[in-house]
Amino acid sequence: MTEPTLALLLVLLPFAGALVAAALPVAARGAAAWLAGGTMLAGLGLLGAMLPGVMAGEPARAVVPWVPSLGLDLSLRIDGFSWLFATLVLGIGLLVAVYARYYMDRADPVPRLYALLLAFTGAMLGVLTAGNVLILVVFWELTSLASFLLIGYWHGSPAARDGARVSLIVTAGGGLCLLLAMLLLGHIAGSHDLDRILASGPAIRAHPLYGPALTLFLIGAFTKSAQVPFHFWLPNAMAAPTPVSAFLHSATMVKAGVYLLVRFSPALGETQAWFFLVTGTGMATLVLGSLIALFRHDLKGLLAYSTISHLGLITALAGIGSDGAILAAIFHICNHAVFKASLFMAAGIIDHETGTRDMRRLSGLMRLMPVTGTLAIVAAAAMAGVPLLNGFISKEMFFAEAVDWHNGTWLDDSLPYFATLAGVLSVAYSLRFIVSVFFGPPAQDLPRQPHEPVRWMRRPVELLVLLCLVVGVLPGATLGPALNMAARAVLGPETPYYSIAVWHGWNAPLAMSLLAMALGTLLFFAFARPIAAGPEGPPLLHRIQARRVFDRLLLGLAWDGPRAARALLSSSRLQPQLVLIVLLAIVAMAPILWAAARVAAPADPARVNAGFALMWTAGGACAVGAALLAKYHRFAALVLLGGTGLVTCLTFAWFSAPDLAVTQLLVEVVTTVLLLLGLRWLPRRLAEIPGDRLRAARVRRARDLVIAVAFGSGLAATSFLVMTRPPGGPTVGDWFLRNAYEEGGGTNVVNVILVDFRAFDTFGEITVLAIVGLSVFALLRRFRPAAESADRPAEQLAPTARPLADTMLVPSVIMRWMFPVTIVFAAYLFLRGHDLPGGGFAAGVTLAIAFLLQYLGHDVRWVEGRLTVLPVRWMGAGLLIAGGTGVGSWLFGYPFLTAHAQYVTLPLIGQVPAATALIFDFGVFALVLGATLLMLVAIAHQSLRAGRARPRDGEAPPPPGGT
């Protein structure tokens, strides 16, 4: 396979695996684990196939055109840095997949966990390989969404829900800032291509928008990588399962921010603002995270704040920005991922086997869990920077960069002291992890009797700890070539080759390391007992919590002015919301109509068609009659409202818009049935309202009448002007008329636009329709009528309150005869849609009407044993077919949802037109059918439930989502 194909497969493979995993049954734990592990392993194989070209300095690229006129393409690029990072993500992901198989409880929906892990992996790979900064932001926000679902995996836990909510607000808010930053950078560089932006460093730094772009960019990066003051979300995310924590907080989620800082340092760095903001924030995070980690009592809490500290170290290196600093940052990204993933897994094993993570209750586990203890001690020593382990070398490189002279500012001069202080604290909290858990007297009050875990639960930890040792002893032979390859990808091909070794002689960095280890050991043993007995936080500082500040800030956003505006403009009732929307539309529309009326030619009475005027007069009379009769007889008002809809259909047909006329007619039928089914749940009529409320109700009706007349008149005038006034020049419609048949293969221009030229818009619309259908069904499943409608006697209810089969105006036998005819008519509309009025939407609504008539005419009993319709599956199949049609065009090198039309020869028939848009239209048909049935049947069940308190003899309620 070519490199572009490999790059596309690398990103798409995890998403495909996520879809398959999500479809697995809950009991398929082993199959889900094999699927996730196999997907990660296949991704590593793809990276291996791309390695020769990447090592040669030729990034693997893949470009799928999307909107070339806007410079928006699905562009992927894999250079040395992204290759190394992707290998890290997939390698840790493979080990997490193995670990989770034995960590998760049998009662947990494990396939859902693997599906989310794979989806998150795909989003992370998209961030790493995106060649267009706008596509990068899309994947960036996908990581926020996937992490929200992963952190809230145990959604029954308030802590999990709270942690997921906070992480989503912080990281997604930062993602919006990042989007603005990327738009500004694209504006400055003249392109949103990543290579173009990275090569435009001097122009970006000299531009007046550099300050706003840098600020927004850093907010996006700092929120994702939990830098001060945005660090508080990461400890709350520890409510996630340990495999999730091991994956998100070692190699993926939190590393995305530092990846972005390292990647963009050549373009945005080399300024005082960059150095002070990035290095200053990194050093503050490094020291504060280390200090808080020392006082945490929860194992995962200590590891969470240590992660924050190490992220600060990497951020500080990115802020320094020298060649050695960038190499050290990349090296520490890899080292931290290895030892932190092993520590999280070890903490999960301890929690899994003892039933607690509280270090005040844990003690002496080395006797009962010697292998796990040894592995955890080595990993913690790597975190502390002990020699001959991988963490020691990258921390030495950090100390060397801190000592080196850069710009002579006060921050630059203070770097060695802050770095040494952080090293002292790092040794202290690593020792606390080791000594408190594995040494001392045996614990007496543990929820479970500790013992070693199953073999394969420990294997990932063993492999990671082995890597800590091997890289620590032989760094140049193991990671040296890959690190230099990654550094050249960031800094440029002229970057010299750095030799990475364990021993560099007696120098200042080594002295700082030895001093940090000595003082850290003294600090821990001097204050071990006060720390264990004290609160979870440094003295005095434990009362100042960023999370509390965040919560109060959120409360402040809803205080005073915003709260008053919300009270004035917001309501839980639908009618006031509609009134506000309509009033805003009137205000916005009035100036436009006034300007159009002033330039419009005077009306010529001779041009008014008598038949059209009579038709509109009848429609207006139906509308007025419906408004008046709604107070006395709602069923009659509904019939008159249908007359108004029929006039609207005829109007579309009159002005040569048959597609709109057909669609309006079908939607009118569905809407009428929907209103018929919902009559029971409307509020009481005016005659039933008590006297003290009657006057207010009449005033409200008069107000609504004035608003309705104003809005309806304005909309009618706008429509009339649009449909009758000739254009002053060429329009976009002329282009579609000329090219519909030649490029889309259809003579029905409207349908060609929907399924070809603007198919992406249609795909978005049917996705929204699916979401609406599921939302309506979910709401109606839990709907309970208000007392004012449920407590009325049956004789006061709408006709639909009685059994539906007894109230149908059309005999059920006729409905049964109409069923095959309606199916044929739906097929007719579907097949003719590309050349004549019709299409997938119209056919879907038609077939939904056919099913609904059978359902209403024969009650629930008709369904049992005769016909089964599963609307949710129809919706899912429709989305898959429509999306698959779009993806299919990629296989031939065309943009997403590009259609192809040609004539094919059929036996005995001859040449017939065929287009791939027909497949997409079938997806539209399936989704519209499923969504319409799901909504209508959901409300029909409510009406059936209103007609009788319990099912009739021999009946059973239909399954959820199926009819």
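Miscellaneous remarks
- Every pair of residues 6+ apart whose Cβ atoms lie under 8 Å, when the first sits in segment 434-458 and is in the same structural domain as A532 (by TED's automatic domain parsing) while the second is basic (K, R) and part of a loop (DSSP other than H, G, I, E, B): S436/R360; A443/R361; D445/R361; L446/R361
- Unmet requirement for S363, which otherwise passes all of (1) under 21 Å from L88 (Cβ atoms); (2) part of a loop (DSSP other than H, G, I, E, B): (1)
- The lone criterion from (1) under 30 Å from L185 (Cα atoms); (2) of a type in the set (A, V, I, L, M); (3) in the same structural domain as L463 (by TED's automatic domain parsing) left unmet by I292 is number (1).
- Residue among R361, R367 that is farther than 30 Å from Q272 by Cα and touching an Asp or Glu at 6+ places or on another chain (Cβ under 7 Å): R361
- The residues of segment 459-485 that are buried (at least 17 other Cβ atoms within 10 Å of the Cβ) and either over 17 Å from A337 (Cα atoms) or without any contact (Cβ under 8 Å) to a residue 60 or more places away in the chain (or both), listed by number, are G480, N484, M485.
- Restricted to segment 341-364, and to residues there that are more than 12 Å from L299 (Cα to Cα) and surrounded by 24 or more Cβ atoms within 10 Å (Cβ to Cβ), the residue that is nearest to the chain's Cα centre (by Cα) is A341.
- Per the conditions (1) in a helix (DSSP H, G or I); (2) surrounded by fewer than 21 Cβ atoms within 10 Å (Cβ to Cβ); (3) of a type in the set (S, T, Y), the sole criterion not satisfied by S191 is (1).
- Residue in segment 57-73 that is polar (S, T, N, Q), part of a helix (DSSP H, G or I) and either in contact (Cβ under 8 Å) with a residue 12 or more places away in the chain or crowded, with 22+ Cβ neighbours inside 10 Å (or both) present: no
- Candidates A21, A16 - the one that is without any contact (Cβ under 8 Å) to a residue 24 or more places away in the chain, within 23 Å of the chain's Cα centre (by Cα) and assigned to a helix (DSSP H, G or I): A16
- Wholly enclosed helices (runs of 4 or more DSSP H) of segment 508-596 bearing at least 3 residues surrounded by 13 or more Cβ atoms within 10 Å (Cβ to Cβ) and modelled with pLDDT under 70: 546-557
- Residues (loosely packed, with under 14 Cβ neighbours inside 10 Å and over 35 Å from the mean Cα position of the chain (by Cα)) located in segment 422-458: G440, P441, P442, Q444, D445, P447, R448, Q449, H451, V454, R455
- Residue match in segment 76-92 (condition: in a helix (DSSP H, G or I) and without any contact (Cβ under 8 Å) to a residue 12 or more places away in the chain): no
- Condition check for T409 on (1) farther than 13 Å from A325 by Cβ; (2) at pLDDT 90 or above: one failure, at (2).
- Where a residue in segment 831-843 is over 12 Å from L754 (Cα atoms) and in a helix (DSSP H, G or I) and its partner, wherever it lies, is at pLDDT 85 or above and among the aromatic types (F, W, Y), with Cβ under 6 Å and at least six apart: A843/F830; A843/F925
- Residues considered: M50, M40. Of these, the only one that is over 28 Å from G492 (Cα atoms) and buried (at least 17 other Cβ atoms within 10 Å of the Cβ) is M40.
- Test: A501 is part of a loop (DSSP other than H, G, I, E, B), closer than 14 Å to P387 by Cβ and in contact with a helix residue (DSSP H, G or I) (Cβ under 8 Å, 6 or more places away or on another chain): yes
- Considering L311, L327, L286, L302, the condition of being assigned to a helix (DSSP H, G or I), farther than 21 Å from C468 by Cα and either in contact with a helix residue (DSSP H, G or I) (Cβ under 7 Å, 6 or more places away or on another chain) or of a type in the set (K, R) (or both) is satisfied by L286 alone.
- Checking each residue in segment 120-160 for being farther than 12 Å from T252 by Cα, more than 10 Å from the chain's Cα centre (by Cα) and part of a helix (DSSP H, G or I) picks out T129, V133, L134, I135, L136, V137, L150, I151, P158, A159, A160.
- Among the numbered conditions (1) of a type in the set (A, V, I, L, M); (2) within 36 Å of the chain's Cα centre (by Cα); (3) within 30 Å of A595 (Cβ to Cβ), the only one that V709 does not meet is (2).
- Pick from segment 178-235, criterion basic (K, R) and touching a residue at least 24 places away in the same chain (Cβ under 8 Å), ranking: farthest from P493 (Cα to Cα): K224
- Residue match in segment 641-653 (condition: free of Cβ contacts under 8 Å to residues at least 12 places away in the same chain and either assigned to a helix (DSSP H, G or I) or charged (D, E, K, R) (or both)): yes
- Taking first residues from segment 148-177 that are surrounded by 22 or more Cβ atoms within 10 Å (Cβ to Cβ) and partners that are in a helix (DSSP H, G or I) and among the basic types (K, R), the Cβ contacts under 7 Å between residues at least 6 apart in sequence or on separate chains come to G152/R161; T171/K224; G174/K224.
- Residues located in segment 246-287, provided they are small (G, A, S) and farther than 26 Å from G93 by Cα: S265, A267, G269, A273, G280, G282, A284
- The set of residues in segment 310-341 being among the hydroxyl-bearing types (S, T, Y) and either modelled with pLDDT under 95 or not assigned by TED's automatic domain parsing to the domain that holds A384 (or both) consists of S322 alone.
- When the criteria are applied in full, V845 meets the requirement of being among the β-branched types (V, I, T), at pLDDT 85 or above and surrounded by 15 or more Cβ atoms within 10 Å (Cβ to Cβ).
The values are calculated or read from the model by the stated rules, or taken from the named source; none is laboratory data. Quantities reported herein were computed from a predicted structural model and do not represent experimental measurements. Every residue, glycine as well, gets a Cβ built from its backbone with ideal geometry; the counts of neighbours run over all protein chains shown.
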